[in-house]
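Down below is the structure, laid out as C-alpha cells.
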Amino acid sequence: MKTIFVTGGAGFIGSNFIHEVLQKQTIKIINLDKLTYAGNLDSLRDVENDPYYTFIHGDICDKKLVEEILADYQPIAIVHFAAESHVDRSIDGPSEFIHTNINGTFSLLEAARTYWCDLARERNLHFRFLHVSTDEVYGTLGETGYFTEETPYAPNSPYSASKASSDHLVRAYHHTYGLPVLMTNCSNNYGPFQFPEKLIPLMILNALEGKPLPVYGTGQNVRDWLYVEDHCRAILTVLEKGIPGERYNIGGHNEKANLSIVHTLCDILDDKSPRADGKSYREQITFVTDRLGHDLRYAIDASKIQKELGWVPVETFETGIMKTLEWYLGNREWCQRVTDGSNRIKQLASEKL
Ligand code: NAD
C-alpha cells in the first residue's frame, strides 16, 4: 500500500486534497498539521475513521518528529501544503511567516533528504517531494501579460517573499543534492472549506449575516481564480507525471477584478437567498483603504502543465462559484463553528487529553 505524507492537510487546499485522494481508497494519507487558527479538523470529520487516513498533530519545524514519521510510514511522496497563507496577516506580523514558510520548509527538506538518501534510494522507492506554492512569488503584472515558469521572482508581500524563499530552497535541494522535487505555483483558489478571512467565503458569510462587504481600494485588483478541486487534480497529475526539478504553473484562465467577484456573489445570493427587505446584497458593499503594497494583477499561463502533463481544469468560474456558494449555504454549521471559534475549542481540548 502506497502512502503520501501531507503537511497542512487540515487547511483549505490540504483538506480538499485529502478528500480527493481518499475517494480512490488505494493510497494511504498521513496528515501532519499544527492546527493553527487556519487548521480545522471539522473539514476532515467524514474521513477521521477512514482506515486509509492518519492524523498527526505537530509542527513541520519539528525535524525529529518529521524524521520519525518518514521512518515509520515510508511514504512515496511528501505533498507540502503547510504554510501561513494570508497576505494581510503577513503585513501585520511577518515573523510567523518566516518561521513556518521558510524555516519549516527547510526543516522538512532536511528530513526528506536524509530519508531519501538512507531509505528511499536504497530500496529504489519512487519518491517525490512536491512543494505547493503560489503565483504571488512572481510579483505583479500590468494590464497585459501572463506569468510563465520563466518569469523572474519579484515577491511584494512578506507572505509572497516567504513563499519565494521556500521555493528557492526546494529548487536548490534538487540542484545540489538531487532530491526529486516538484514545484507548483498556483493562482487564487476558491471552494469548500476555505477559512472565511479570504475574499470569497468572507463575502458570502458577511452578506448572509447583514455585515458590510469590505472591498479594498476601488476593487480593480485582478486575480486568476481556480476551483480548489481542479488544483488538487493538478497536484495529483504533477505527482504522477511531473519531471523532478521542474516547476508547473497552475491556473484557471479566469481573470476577475475583486469588485466583479463581489458583484457576482451578491447577484447569485439575491436569487438563492434573498434579503428580507428585498434589497440587493450589493447595498452592503463598502470600499475600504487599500492593502499596503497591493499587487495590481496576477494572471497565469498554464500551458506547460496542459501541454506536457495533459491537465485541464474541469470547472469554469461560473460552475465553480455556483458549487462554492451552494456549499457555504448548505454547510452553515461548519461556517458557524469556524466563525465563532468553537471548532478550535474542541481541537484544543482534545490536545490536552
Ligand atoms: P491554509 O492557511 O488554509 O492552511 C494551512 C494549513 O497549514 C493549516 O491547516 C495550518 O494549521 C497548517 N500549518 C501552518 N503552520 C504549520 C506548521 N508549522 N506545521 C504544520 N502545519 C502547519 O492554506 P491553504 O489556502 O490551504 O494553502 C495551502 C498551501 O497552498 C500554502 O502553502 C499556500 O501558500 C499555497 N497556495 C494557496 C493558494 C490559495 O489560494 N489558498 C494558492 C496557491 C498556493
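Taken together, the values in this text are just the output of simple stated rules run on the coordinates, not laboratory data. These figures come from a predicted structure and were not determined experimentally. Please note: Cβ atoms are built from the backbone with ideal geometry, for glycine as well, and neighbour counts cover all protein chains shown.
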task: Note down the net charge around Tyr248, summing +1 for each Lys or Arg and -1 for each Asp or Glu among other residues with Cβ under 9 Å from its Cβ.
output: -1
Percentage relative contact order, the stretch 227-353, counting C-alpha pairs under 8 Å, at least six apart: 37
task: Scan the chain and hand back the longest stretch that contains none of the trypsin sites (Lys or Arg not before Pro) lying in DSSP loops with at most 12 other Cβ atoms within 10 Å.
output: 124-278
- prompt: When only Cα pairs under 8 Å and 6 or more residues apart are kept, what is the percent relative contact order across the stretch 214-270?
  reply: 56
- request: Along each of the three principal axes of the Cα atoms of the stretch 1-45, give the extent in whole Å, ordering the values from largest to smallest.
  value: 32, 16, 15
message: Quick check on the chain: take the gyration tensor over C-alpha atoms, sort the square-rooted eigenvalues as a ≥ b ≥ c, and tell me if it's rounded (a/c under 1.5), prolate or oblate.
response: prolate
- request: Could you tell me which of Ile235, His174, Thr36 has its Cα farthest along the dipole of the chain towards the positive end, charges placed at Cβ (Lys, Arg +1; Asp, Glu -1), taken about the Cα centre?
  value: His174
- prompt: Considering only the other residues whose Cβ falls under 14 Å of the Cβ of His126, what net charge follows from Lys and Arg at +1 and Asp and Glu at -1?
  reply: +3
message: Over the chain, with a Gaussian network built from C-alpha contacts below 10 Å, which listed residue (Glu136, Glu318, Glu326) shows the highest mean-square fluctuation?
response: Glu318
- request: Consider all pairwise Cα distances in the stretch 204-353 and report the whole-number % of them above 19 Å.
  value: 66
message: Under 8 Å for C-alpha pairs, at least 6 residues apart: give me the relative contact order for the chain, rounded to a whole percent.
response: 18
- request: Give me the net charge of Val262's neighbourhood, meaning all other residues with Cβ under 11 Å from the Cβ of Val262; Lys, Arg count +1, Asp, Glu -1.
  value: +1
- prompt: In deg cm²/dmol, rounded to 500, what helix-only [θ] at 222 nm does the chain give when every DSSP H run of at least 4 residues adds -39500 (n - 2.57) and the total is split over its residues?
  reply: -12500 deg cm²/dmol
statement: Beyond 31 Å (Cα-Cα) in this structure, taken from Lys28/Lys304; Lys163/Lys279; Lys34/Lys304, we find Lys163/Lys279; Lys34/Lys304
query: Given the options Leu35, Leu70, Leu22, which has the most mean-square fluctuation in a GNM of the chain, springs set between C-alpha atoms less than 10 angstrom apart?
result: Leu22
task: Diagonalise the Cα gyration tensor of the stretch 188-274 and give the resulting equivalent ellipsoid semi-axes, square root of 5 times each eigenvalue, largest first, whole Å.
output: 30, 14, 11
- line: If N is the residue count of the stretch 57-183, its Cα Rg over 2.2 N^0.38 Å rounds to 1.13
